[in-house]
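The values are calculated or read from the model by the stated rules, or taken from the named source; none is laboratory data. Everything numeric here is computed off the predicted structure, so don't read it as measured data. As a convention, Cβ positions derive from the backbone with ideal geometry for all residues, glycine included, and neighbour counts pool all protein chains shown. Just so you know, the surface numbers come from the protein's heavy atoms only, side chains and all, with ligands and any DNA or RNA stripped out. Shrake-Rupley method; radii C 1.70, N 1.55, O 1.52, S 1.80 Å.
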Amino acid sequence: MLRPLLDEIFSVLSNGAHFKVHTLAAHLQTVELLEQLDDDPSQDLFKRNFVLMNSLYTLQSELIEDDIYLHIDSMDIYLANKGQAPELNTPLSTYYLDWQNYQIDNEEITALLDSFWQRYAQSFHHPQNILSKANLDELCLHWQLTKPLEEKTIRRRWRQLAIQYHPDKGNNDDTRFKQLQNEYQKLLGHIKSV
C-alpha cells in the first residue's frame with residue numbers, strides 16, 4: 001500500500017513543487033492513492049492524515065541516505081538541496097512512524113486536535129484578532145453559538161465546522177477553512193480576554 005504512495009509523493013515533489021499537507025492529501029486522493037479509510041468522518045480524517053504523515057517520514061528517512069532533504073511542515077512540504085539535513089527522530093516523526101498510533105478512539109482524536117489548536121492559538125495572538133461587540137455578535141450568529149460563550153462549546157462547534165469544511169474533503173478551496181480558523185482563534189481569544 002505505501003510504496004505507490006511514497007513513489008507518487010516523491011514524483012510530485014521532484015519537480016520543485018511545494019505542498020501543504022491538505023493539498024498533498026487532495027492530490028493523492030485525486031490519483032486514488034489516499035481513499036476513504038473509515039466511515040466515521042473524524043476517524044477517516046485522522047487515518048488519512050496518519051497514513052500521509054507516516055509516508056512522508058518514511059520517505060524522509062529513505063531519502064536522507066541519498067543526501068536528499070525532505071522538508072516536512074504542515075504548511076510547506078518540499079525537497080531541498082542535500083546540504084540541509086532534516087532533524088530525524090522528532091516527537092512528530094516518532095509518533096507517525098509508530099503504527100500502534102493508527103488506531104485511536106474519537107476521544108483521543110479530539111484531545112490531539114484540541115492540543116494542536118491550543119498551540120496554534122498561542123502563536124496566533126495578534127491585536128487584529130480583538131473582537132468588537134458587533135463582530136462578536138455577528139460571529140455568534142454565524143457560528144450558531146449562544147451567549148454566554150463557553151470554551152467547550154466553541155471547541156465543539158469548531159470541530160463540527162472543521163470536519164465539514166476541511167480541505168481534505170475534496171473542495172480544493174482552503175479559503176473558507178482558513179476563515180473559520182481565524183474566527184475560531186478570535187472566539188477563543190475573546191473567551192480568554194474576558
Unmet criterion (only one of (1) assigned to a helix (DSSP H, G or I); (2) at pLDDT below 90; (3) surrounded by fewer than 16 Cβ atoms within 10 Å (Cβ to Cβ)) for Leu63: (3)
Selected residue (criterion: modelled with the lowest pLDDT) from residues of the stretch 139-179 that are part of a loop (DSSP other than H, G, I, E, B) and open to solvent by less than 40 Å² (accessible area, probe 1.4 Å): Asp174
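Search the stretch 122-138 for residues being in a helix (DSSP H, G or I) and open to solvent by 90 Å² or more (accessible area, probe 1.4 Å), and hand back the single one that is modelled with the highest pLDDT. Let's see the steps before the verdict.
As a first pass, look at the stretch 122-138 and keep what is in a helix (DSSP H, G or I): 122, 127-129, 133-138.
When the remaining residues are screened for being open to solvent by 90 Å² or more (accessible area, probe 1.4 Å), the result is 122, 127-128, 133, 138.
Details: Gln122: 59, Pro127: 47, Gln128: 49, Lys133: 80, Glu138: 88.
Among those that are in a helix (DSSP H, G or I) and open to solvent by 90 Å² or more (accessible area, probe 1.4 Å), it is Glu138.
Taking the condition of a type in the set (Lys, Arg), within 17 Å of the chain's Cα centre (by Cα), assigned to a helix (DSSP H, G or I) and at pLDDT 90 or above, does Arg119 pass? It would help to see each step written out before you state the result.
Details: of a type in the set (Lys, Arg): yes; within 17 Å of the chain's Cα centre (by Cα): yes; assigned to a helix (DSSP H, G or I): yes; at pLDDT 90 or above: no.
No: the conditions fail for Arg119.
Quick one: count up the residues across the stretch 39-81 that are closer than 30 Å to Gln160 by Cα and not hydrophobic (A, V, I, L, M, F, W, C).
Number of matching residues: 15.
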Search result, residues across the stretch 2-23 that are over 20 Å from the mean Cα position of the chain (by Cα), in contact (Cβ under 8 Å) with a residue 24 or more places away in the chain and assigned to a loop (DSSP other than H, G, I, E, B): Gly16
